[in-house]
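Everything on this sheet refers to the single structure shown next.
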Amino acid sequence: MESAECVPSALGRLPFNNTVLKKLPIDDSDQPGSRVVPEACFSRVRALQPLVRPVFVALSQSALSLLGLSAQEVLSDPLGPEYLSGSRLLPGSEPAAHCYCGHQFGLFAGQLGDGAVMYLGEVESCAHGRWEVQVKGAGVTPYSRYCLLPLTSQDQICPHMVSTYVDTTFWTHLMDKVDIYTSGTVFLLVMTRTARLVAQWQCVGFCHGVLNTDNMSILGLTLDYGPFGFMERFDPDFVSNASDKKRRYSYQSQPSVCRWNLARLAEALGSELDPAEAGAVLDEFMPTYKAFYLSIMRKKLGLVRIEEVEDRELVSDLLRVMHNTGADFTNTFRLLSCVPWPEEGDSERATVGSVVDLILEQWGVCELAMILSLAQTNPLMFGMVADSPGMTEQLELLGRLKELVETNQDDLKRKQRDDWIHWIGQYRMRLGRECDSTSDLPVIIKERLKVMNGINPRVVLRNYIAQNAIQAAEKGDFSEVRVLKVLEKPYSDPETLFGPDGCGEVEHSGAELDVAYDGKPPAWAQTLCVT
C-alpha cells in the first residue's frame, strides 16, 4: 500500500493539458540569453530561478477555485510557496516563454516576447474549464531584456497555423462555419469583444497605460497590467503612464487606439482575412463601442426601464460638469445613487444640496482652488508655473485660465455648485420618466439603487492604495495586502469586510486603515508618478 507521504498534494495533482505546446511551433534550443528566435511561437525554458525560502503573503480563493483548489489545500502544502513562485516545477507543467511581435507606440517593434512572465501550462477539467497558469520573475527567457537592444527577424509564422490553433481552442462553437477567418466571422467577434472591453474601461475610468498591439487579446481580456491607473479627478486627457509624453494612450484615446490595433491585426492575418470584409468590420467598431458605452452608462445612472435618445447628451453633460469642477470619477458615480427620486413640488436646491456638497468635497476642486489662490496671491510665481508645458496644458484642458485669474474662490465654488444643481435637476427629470402611471414606484426606486450600487464600484485600485501597501511591505509589514479582499468585492463597504478596527476577515492583526480605500485621496496621492 502506498504511504501517505507518497500521495501528491493538490498542487501536485493539477490536471495539466498543455495544448499550445502541442499545436504551435516550439523553439527547443538550449542557447542561453536574449536572442532572435526564428519560426517559433514559444521557447522552452530549461531552468527556473528559485527564490530563497519563499512564503505566502496573500492568497486569492477566487483564483484558486478556477483550478479546483482551496486555500487550505495550498496553505497545507509545504511545497506550495515554491510551486507557485516558480521556484519548483509543478508536476505536469512545461515552462515556456511566448514569442511575439507588435507595434509599440505606433511603430513596429520587431521581435518581442515574454521576458519576465513564464507559461507553466494549461490546467483543464470538466468542472472548471481550461486555465493557463503563469508565473512572473521565475527565470531568464530568450526574450528577457538586459539592454536596449532591438531584435528583429525576417522569419514569419504562417497565420493559418496560428488561426487553426485559435479556432480549435477558443472558437469551437464556430467550427461548423466554412473559412471562418476569410468570412470575417472571427474578426467580427474579436472586434465586438474589444469594443465591449474598452467600453467597460471607459465606464470605470480605467486607463491601460501601454495599449501596444502585443498587450491586447483577441478574447477581449485586459492584458499586461503595467503603468495602468484609475482616474481620480475626471480628465478626458488623463494618462496613467508618465512616460507617455505624447499622450498616445490617454483615457479618451483608448477607443480609437483599440480600433487602430484591430486594423494591425487584420493586416497580420493577411490572406486569411478578406480585406473588404475586414474594412466593413472595422467601420462598425465605433458604433459598436458607443452602443456598449451608452448601455453601461445608463445603468450607472440607474436608467433601467426605458431608453431615450437624449440619454447620450445627459451623459456628456455630466462628464462636462465633472471635468469643469474637478470631480472624482469613481466617487461621483457612487454618490449619484444618493440623489433623491423627484417628487412634485420639491425644491431642487434644497433637496439635492447635501449630495452636491459631497461631490464638491472631491480632490479636484481643491486642486482648482490651489491654482486660483496662486494666481491671486503670487501672480509672478503663477506666471512661471503656468509657462511649464504640463500646467499650461492642464489649464487649457480645463478651459479655465481666464476664469481662474478673474474669479475669486467664493464665486468659483458658487458656479460649480450651480452647475451641479442644474445637471442633477435634468437627471431627476429623466428619472421621473422611468415611472409611468401604472408602475410600482417603490419597486422602481429599489431597482434603481440595486443596479447603480452593483455597477458603480465603491473602491478601485487607486495608485495611492497600491503605494501604501508597497511601502508597508518593503518594511516587512504585509497587513495592507488586505486590500485584495476589498478589491474582490469592490461594490461593498470596506468596513463590512474588516470591521471598524480594520481587521475582520483578514488574518493580519493590523490597526485601523492607514488610508481610506473609498474616500477622498490623501494630499500625497498627487505626487505619485507611474511609468
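The values are calculated or read from the model by the stated rules, or taken from the named source; none is laboratory data. Please read these numbers as outputs of a predicted model, since none were measured by experiment. Don't worry about glycine lacking a Cβ; one is built from the backbone with ideal geometry, like all the others, and counts go over all protein chains shown. Just so you know, the surface numbers come from the protein's heavy atoms only, side chains and all, with ligands and any DNA or RNA stripped out. Shrake-Rupley method; radii C 1.70, N 1.55, O 1.52, S 1.80 Å.
At a glance:
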| read-out | value |
| --- | --- |
| Lone unmet requirement of (1) open to solvent by 30 Å² or more (accessible area, probe 1.4 Å); (2) in contact with a Phe, Trp or Tyr (Cβ under 7 Å, 6 or more places away or on another chain) for LEU112 | (1) |
| Matching residues in region 64-104 - criterion: being within 26 Å of the chain's Cα centre (by Cα) and closer than 17 Å to VAL52 by Cα | LEU84, SER85, GLY86 |
| Filtered residue count, region 456-476, keeping only those that are open to solvent by 40 Å² or more (accessible area, probe 1.4 Å) and either touching a Leu at 6+ places or on another chain (Cβ under 9 Å) or in contact (Cβ under 8 Å) with a residue 24 or more places away in the chain (or both) | 4 |
| Residues located in region 316-342, provided they are open to solvent by 10 Å² or more (accessible area, probe 1.4 Å) and not charged (D, E, K, R) | SER316, LEU319, HIS323, ASN324, ASN331, LEU335, SER337, CYS338, PRO340, TRP341, PRO342 |
| Subset of region 315-330 [of a type in the set (Gly, Ala, Ser) and modelled with pLDDT of 95 or more] | SER316 |
| Residue ID - modelled with the highest pLDDT, chosen from residues in region 1-18 that are surrounded by fewer than 16 Cβ atoms within 10 Å (Cβ to Cβ) and among the polar types (S, T, N, Q) | ASN17 |
| Every residue from region 434-444 that is open to solvent by 20 Å² or more (accessible area, probe 1.4 Å) and either in contact with a Leu (Cβ under 9 Å, 6 or more places away or on another chain) or in the same structural domain as GLN202 (by the TED database) (or both) | CYS435 |
| Subset tally (residues that are under 14 Å from PRO142 (Cβ atoms) and open to solvent by less than 10 Å² (accessible area, probe 1.4 Å)) for region 96-109 | 2 |
| Counted residues, region 202-235 - those being open to solvent by less than 20 Å² (accessible area, probe 1.4 Å), closer than 24 Å to ASN324 by Cβ and under 13 Å from the mean Cα position of the chain (by Cα) | 7 |
| Residue in region 68-77 that is surrounded by fewer than 16 Cβ atoms within 10 Å (Cβ to Cβ) and farther than 21 Å from ARG482 by Cα present | no |
| Cβ-Cβ under 7 Å pairs, at least 6 apart or on other chains, region 214-243 side under 27 Å from PHE187 (Cβ atoms), far side among the acidic types (Asp, Glu) | ASN215/ASP224 |
| Residue match in region 301-315 (condition: crowded, with 19+ Cβ neighbours inside 10 Å and of a type in the set (Lys, Arg)) | no |
| Candidates VAL52, VAL20, VAL74, filtered to the one that is assigned to a loop (DSSP other than H, G, I, E, B) and at negative phi | VAL52 |
| Where a residue in region 22-33 is exposed (fewer than 10 other Cβ atoms within 10 Å of the Cβ) and its partner, wherever it lies, is modelled with pLDDT of 90 or more and not acidic (Asp, Glu), with Cβ under 6 Å and at least six apart | ASP28/ARG44 |
| From GLY121, GLY205, GLY184, residue being modelled with pLDDT of 60 or more and under 30 Å from SER87 (Cβ atoms) | GLY121 |
| Those residues of region 43-80 which are over 26 Å from ALA127 (Cα atoms), in contact (Cβ under 8 Å) with a residue 40 or more places away in the chain and out of contact with any Asp or Glu (no Cβ under 7 Å at 6 or more places or on another chain), in sequence order | VAL45, ALA47, LEU48, GLN49, VAL57 |
| In region 318-361, residue nearest to GLN202 (Cα to Cα) [restricted to those that are hydroxyl-bearing (Ser, Thr, Tyr) and assigned to a helix (DSSP H, G or I)] | THR330 |
| MET191 vs. criteria open to solvent by less than 20 Å² (accessible area, probe 1.4 Å), of a type in the set (A, V, I, L, M) and out of contact with any strand residue (DSSP E or B) (no Cβ under 8 Å at 6 or more places or on another chain) | yes |
| For TYR143: the one exception among (1) more than 26 Å from GLY110 (Cα to Cα); (2) hydroxyl-bearing (Ser, Thr, Tyr); (3) at pLDDT 85 or above | (1) |
| Filtered residues of region 81-116 (kept if small (Gly, Ala, Ser) and out of contact with any strand residue (DSSP E or B) (no Cβ under 8 Å at 6 or more places or on another chain)) | SER87, GLY106 |
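Here's the yes/no breakdown for (1) among the small types (Gly, Ala, Ser); (2) closer than 16 Å to LEU14 by Cβ:
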position	(1), (2)
GLU39	no, no
LEU48	no, no
VAL55	no, no
ALA58	yes, no
ALA63	yes, yes
SER70	yes, yes
VAL74	no, yes
GLY80	yes, yes
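Let's see how each residue does on (1) hydroxyl-bearing (Ser, Thr, Tyr); (2) over 26 Å from LYS136 (Cβ atoms):
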| position | (1), (2) |
| --- | --- |
| THR194 | yes, no |
| GLY220 | no, no |
| PHE228 | no, no |
| PRO236 | no, yes |
| SER240 | yes, no |
| GLN252 | no, yes |
| GLY270 | no, yes |
| ALA280 | no, yes |
| LYS290 | no, yes |
